[in-house]
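The values are calculated or read from the model by the stated rules, or taken from the named source; none is laboratory data. Since the structure is predicted, the reported quantities are computational estimates derived from the model, not experimental observations. FYI the Cβ positions are ideal-geometry reconstructions off the backbone, even for glycines, and counts take in every protein chain you see. The accessibility values were calculated without ligands, DNA or RNA, using every heavy atom of the protein model including side chains. Shrake-Rupley method; radii C 1.70, N 1.55, O 1.52, S 1.80 Å.
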Protein chains: 4
Amino acid sequence: MGSGAVKRAAVITHGRPETIGPALDRLRVVADGAGVELLFDEAEATKHRVEPEGKGPEDADLALVLGGDGTMLRALGRYLGSDVPVLGVNFGRVGFLSSIARSGFEQGLARVFAGEYHVVELTTLEVEVGAEKRVAVNDLVVTSSIVGRMIQLEWAIGGEAFGRLGCDGVVCSTPSGSTGYNFSNGGPVLVWGIDAMAVTFVAPHSLNARPLVVPPGSDLIVWNRTPDVPATALVDGHPVGHLPPDDRACARVGRQRSLLATLPEVTFFSRYSRAFGS
Amino acid sequence: MGSGAVKRAAVITHGRPETIGPALDRLRVVADGAGVELLFDEAEATKHRVEPEGKGPEDADLALVLGGDGTMLRALGRYLGSDVPVLGVNFGRVGFLSSIARSGFEQGLARVFAGEYHVVELTTLEVEVGAEKRVAVNDLVVTSSIVGRMIQLEWAIGGEAFGRLGCDGVVCSTPSGSTGYNFSNGGPVLVWGIDAMAVTFVAPHSLNARPLVVPPGSDLIVWNRTPDVPATALVDGHPVGHLPPDDRACARVGRQRSLLATLPEVTFFSRYSRAFGS
Amino acid sequence: MGSGAVKRAAVITHGRPETIGPALDRLRVVADGAGVELLFDEAEATKHRVEPEGKGPEDADLALVLGGDGTMLRALGRYLGSDVPVLGVNFGRVGFLSSIARSGFEQGLARVFAGEYHVVELTTLEVEVGAEKRVAVNDLVVTSSIVGRMIQLEWAIGGEAFGRLGCDGVVCSTPSGSTGYNFSNGGPVLVWGIDAMAVTFVAPHSLNARPLVVPPGSDLIVWNRTPDVPATALVDGHPVGHLPPDDRACARVGRQRSLLATLPEVTFFSRYSRAFGS
Amino acid sequence: MGSGAVKRAAVITHGRPETIGPALDRLRVVADGAGVELLFDEAEATKHRVEPEGKGPEDADLALVLGGDGTMLRALGRYLGSDVPVLGVNFGRVGFLSSIARSGFEQGLARVFAGEYHVVELTTLEVEVGAEKRVAVNDLVVTSSIVGRMIQLEWAIGGEAFGRLGCDGVVCSTPSGSTGYNFSNGGPVLVWGIDAMAVTFVAPHSLNARPLVVPPGSDLIVWNRTPDVPATALVDGHPVGHLPPDDRACARVGRQRSLLATLPEVTFFSRYSRAFGS
């Protein structure tokens, strides 16, 4: 599953340089030793005061993330549609998507640069909010825009109406998102490799709101039916639009795959045990 | 349990007069027929363009609410510490606290005015947010102030530390609040008459967050341990204060009781079946 | 999706003839009108005192079930590996798998015989209990053999150990089984069409037991680690074997598909709304 | 809260002597040092081949349990109605009710013998199964008598009918039982000191079965409405009777209190954190 040794690696880092500290210098040492060229786009080059390379990040064999799950999501989103897999070194709190712990930095990277990694294809979502289309790596969340105010959502899946519901919101998540906000709301864990999305309500004031796992081909549509409270749509944790009363958002299992690179032993199950295990 | 026939009833209505429509006129007819004097405070008198009575609402035998659960909470809070019970006619959506349905208006009120009602004592909470003390009829909610951003809460009960947790927030609710936001978050239903409060997290990113039911004498303390996200405290659905990082809120089973008047057959269980039953 | 008009239909009925009452006579009238030959195997022929036909049930275009979900499961299991789809008329209580209500009997069957039906492919499980292999249409359940006694189960998925857990048992279910015993235990609803299985514990005495949805290729293995309590394995509700201490059962997403015939409008979602909706 | 130094302690041990090993000898050493007389009833005396004392166990200042939660329940049940508190040293697996860990044996007992312990009053249940009345320390469970077969239960609380439900069973638990089988089935944790019982269904095939917490004065009645499956009633884990079709069981918050002795620092919350904490 590995694609041979890495020659060029794009570097993507957490928004605040101080989070990763001297990790960039340590990365350089490992890269030099392995003969790997590090590529920085303009923003990264400016942030870390390095020269941007002649090659662009799209020429990389691998994208290397120093950060947490937020930075991983940003990188996975950016490389969607390319064939560049993304590998994370965890400098954040949870790090479910990261494949190398901060403590195993040098050793892990040396193995990856030598080609010792797998690529996992992760299901994405096609999302529509208003007129705009987006791809979500983890999830679409539609939630009340006013703290402490419930919203009324009407929903339908696959053209079948499910009525309306008072709640804080709804999460539609991919398998990679299923251990995030979906999990917090009692949604099921979808092991990576399942081609489906989970639909889970946030604080539903109803007993009729069991999480559903929905296959490709069935669209979720959610309408904000609250006369006086707008809703916010978030993709991968970032607000992407407002849903005034009677506006809608839409999500379906997407055709694109995000490509996650990982050390072979860092499976979904080992990540899950580490994050939530006893 | 009834306290004899009603002679004076204070009237409290939903904030928007159009919600209750011609109900006030219908109420007047029933009150006149039963020889009941209706009392309006200044705000109600202005809203409905009636003369405020010589007697103040504190002289009422009963407070009569035309509205939904929000108006009921406002009225129950207002009469805390008095011996005036509050009875609701439902003009809202859920109406868990109301004792008379909109359709049974005249008949129900006639029975109440004749003294055919029970008074239920409901447990309250003593709440501290910052330096201020308040009494909650239904619940204290501490929640992230920024839509889509998780907060880190540290919590303790009865002086025992429970660690910290990433979540959207926490609900501490009385039995009357247990079928509200507590219920939406998977909390247990506390039948009226239990002297305890439920502590339930909102979207906890953890498996170690089973709802707890806590007796009098054990305080819940919650600290906002999120460096960059403030939290909002809401009492009975209304924002009452902000918790900047490292500030705390506190709740305990209170000594005061709110007094709910109800037709004898409209028990907790009949309300529950109506609201959530099959 | 329909396969043209039906010429020969095999008939499978609930174990107790009195359950379906005079339905067989009504079926005959519809079949005669549509020119459909009804096929009975020996057991059915004996039960209903009809002549077994020359043609065997395997020559049918369609298998017709008069009964409930239990009879449906038996029929779906029997026709596994053939290309005969199974269609149910509900004479039971829940009837999630049935496609025609008892009240719409004649009309529904006339449409089906005219070829107006869809065939849905349902994922199955390959199950191993002791030395024996079986196929499950709905689920494998491993549960304590002694009423009121907890068992200790050790479990692994995809070769990854998950430790052990005190519980009443575990359910491994297909999408069609997900609305059955899996649902009763808080498992997620898998919409038909998902190629995955849900793993949900029954009464786990632990917080670390969130349901998992597992893709093809990852085996679930469950060992009974209770020194003094045997476990029972059930496939589609029927006991198939005992697990003495330290014995194991195994389940994986199977390669076979069971074929469910349905009126076009009786989708998964309409079944779900009917069974669990508000 | 302590009642002065202990002079006489009754000893109750796990059913199988080998479970507690040489603990009895160690206990003797501590008791001798503290001048505490150990009392054995006939069964214990026979089991451990000691002379039964002249004084009976009812003359003890304290009952000392060497065993797990099962032995604790047996001892708490036996001393109901006396004023002898029960203190446990954990030789079992969970040990939620025990107050001294196996490792802190000598030190903990020396403190207890010196009078350094608290007594906690625990709510009990009055249970009726058929014509027989019993007291439950932890819980009443009504469950299907046939492995793998669902039962239909009809239920009512406080005289209010709640309809019927397909399920594996129902648990009615005290606060001390709330962390046991009630917990396994998603029931709420009732902190010790609450005078109420939790009603939680086991594997309900319905969405309308949220756990309820019920105050004194409201009886739970459960009827087995399954024509062909008997139910078993268990009190504190032990079968006490069968419910043939249409028979019923009944539970209410009892007037008796069981008396649990504990080291002052081993609170409910510390037990909960140890058993289920992160």
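So here's what we get for this one:
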quantity	calculated
Test: residue in the range A:117-130 that is more than 28 Å from residue C:211 (Cα to Cα) and open to solvent by 20 Å² or more (accessible area, probe 1.4 Å)	yes
Flag if residue D:111 is open to solvent by 70 Å² or more (accessible area, probe 1.4 Å), assigned to a helix (DSSP H, G or I) and either under 25 Å from residue D:265 (Cα atoms) or free of Cβ contacts under 8 Å to residues at least 12 places away in the same chain (or both)	no
Matching option when the condition is open to solvent by less than 50 Å² (accessible area, probe 1.4 Å), out of contact with any helix residue (DSSP H, G or I) (no Cβ under 8 Å at 6 or more places or on another chain) and closer than 30 Å to residue C:256 by Cα, among C:38, C:80, C:62, C:66	C:80
Listing of strands (runs of 3 or more DSSP E) fully contained in the range D:142-188 that carry 1 or more residues being closer than 17 Å to residue D:127 by Cα and within 13 Å of chain B (Cβ to nearest Cβ)	D:151-157, D:169-173
Out of D:238, D:205, sole residue that is more than 14 Å from chain B (Cβ to nearest Cβ) and either closer than 30 Å to residue A:208 by Cα or surrounded by fewer than 24 Cβ atoms within 10 Å (Cβ to Cβ) (or both)	D:238
Candidates A:222, A:213 - the one that is more than 18 Å from the chain's Cα centre (by Cα) and more than 9 Å from chain C (Cβ to nearest Cβ)	A:222
Unique match (being open to solvent by 50 Å² or more (accessible area, probe 1.4 Å) and over 18 Å from the mean Cα position of the chain (by Cα)) among D:255, D:248	D:248
Any hit, the range B:83-94, residues being farther than 22 Å from residue B:35 by Cα and of a type in the set (Gly, Ala, Ser)	yes
Condition check for residue C:175: crowded, with 23+ Cβ neighbours inside 10 Å, in contact with a Gly (Cβ under 9 Å, 6 or more places away or on another chain) and over 29 Å from residue D:234 (Cα atoms)	yes
Filtered residue count, the range C:86-95, keeping only those that are more than 18 Å from residue C:29 (Cβ to Cβ) and open to solvent by 10 Å² or more (accessible area, probe 1.4 Å)	4
Hits in the range A:114-141 - residues which are of a type in the set (Ser, Thr, Tyr) and assigned to a strand (DSSP E or B)	A:123, A:124
Index of the failed condition, residue C:184 passing every other in (1) touching a His at 6+ places or on another chain (Cβ under 7 Å); (2) within 17 Å of residue C:134 (Cβ to Cβ); (3) without any contact (Cβ under 8 Å) to a residue 24 or more places away in the chain	(2)
Count of the range C:268-278 residues which are crowded, with 20+ Cβ neighbours inside 10 Å and either among the hydroxyl-bearing types (Ser, Thr, Tyr) or modelled with pLDDT of 95 or more (or both)	1
Residue identified as under 18 Å from the mean Cα position of the chain (by Cα), away from chain C (no Cβ under 14 Å) and not basic (Lys, Arg) among A:120, A:135	A:135
Within the range C:96-108, considering residues that are part of a helix (DSSP H, G or I) and open to solvent by 10 Å² or more (accessible area, probe 1.4 Å), the one nearest to residue C:37 (Cα to Cα)	C:106
Count of residues meeting criterion [charged (D, E, K, R), at pLDDT below 95 and more than 30 Å from residue A:142 (Cα to Cα)] in the range B:134-168	1
Matching entry among A:135, A:189, A:214 (being in contact (Cβ under 8 Å) with a residue 12 or more places away in the chain and surrounded by 24 or more Cβ atoms within 10 Å (Cβ to Cβ))	A:214
